[in-house]
Structure formats: structure tokens, C-alpha cells
Amino acid sequence: MKSNKKLISALLCIGLFSGLAVGISSCNDAENTDSKEVAKDQNDANFEDKKNETDASFLVDAAAINREEVSLGELAQQKGQLSDVKKLGKMMQDEHSKALADMTALAQRKSITLPATQTDKEKEAYEKLNEKSGKDFDKEYADMMVKGHKDAIARFEKAEKECT
């Protein structure tokens, strides 16, 4: 139960930070190119100001984080063995979908391009988790949520200092 409290605390923190974050818009990318890199390249070309470029880079990363949480949450609802894992998956899908929608609107207002499709990292995480089943799936999903949210919190805290 102690690890559940830590997980819930981490998830609540990222949910709060995600509510402050911002969006996703579409981009046209080559078939075999990571959409995150395409978006970053387009933003680099659009923003000569280093500060705006830093903001755009953060939004690209935050959008990818949210999209990954949504897809992994959907997978947890399908493959999770424990009801708590399925509930967590549903919460992740719902909360990160809302955060992604907020980010989309902000990115559009700021003319920032975000990945339109899953990034290579998102695909790898999904495939890794999808290979698991039963208790192994539940444990891997919980571990991924804790690690992912710790990493996301660190990124959001860094962005708080560096972004406008």
C-alpha cells in the first residue's frame, strides 16, 4: 500500500503540472521520421528567439509525455489483471487526455508545432508493455508510471525556471 501512495502522489503531482502545460498541433512529417524531431525542427525554424525555442521544445516533450500516458492507460485498461491497474489506466487516460487538449490549444495560440503522431519513444514504451501479461504486466505498468512521472516532474520543474 505504501507504494500505491507514492504512485498516487506522483500522479497527482504530474496532473497538477500537466494542467499548467500546453499543446499539440499537427505537422507533416516523412513516413520514417520521428514526429517529435520533425516538430522540434519546425519550431527551430519558426523561432529565432532562443526563449521561444525553449518553450516550444518543452511543449513538444510535454505533449509526447501526455500522449504516451494516454496510450499506456488504454493498454492498462485492456490488459491489466488487477482492478487497481485498470482504474489507474483509466485515470491516466482521462487526465492526460485533458492535459493534451489544453496543450493543443496553447500550442496553437503560440504557433508551436507539436508531434501529430506517436514518437519513436512512445511506440517503444507501448511495445515493451504490450509484450507483458498478467502480474508482469501490472508490475511493469506501475513501474513505468512511477518512473515516467518522476521524469516528467523533473522536466516540468526545469521548464518552470527556463520557460516563459
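The values are calculated or read from the model by the stated rules, or taken from the named source; none is laboratory data. As the structure is a prediction and not an experimental result, all values here were calculated from the model. When we count neighbours, we look across all protein chains shown, and the Cβ atoms used for this are built from the backbone with ideal geometry, even at glycine. Accessible surface areas use protein heavy atoms only, side chains included; no ligands, DNA or RNA. Shrake-Rupley method; radii C 1.70, N 1.55, O 1.52, S 1.80 Å.
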What's the FRET efficiency of E124 with S83 using the Cβ-Cβ distance as r and R₀ = 22 Å, to the nearest 0.05?
0.20
Give me the accessible area of V146, 1.4 Å probe, in Å² rounded to the nearest 10.
40
So which of K98/K158; K123/K161; K87/K132; K121/K147 end up more than 24 Å apart by C-alpha?
K123/K161
Separation in nanometres of the label points that stand 7 Å from Cα toward Cβ, at E74 and K147
2.3
Rounded to one decimal in nm, the spacing of the 7 Å Cα→Cβ label points at E162 and K135 is 4.2
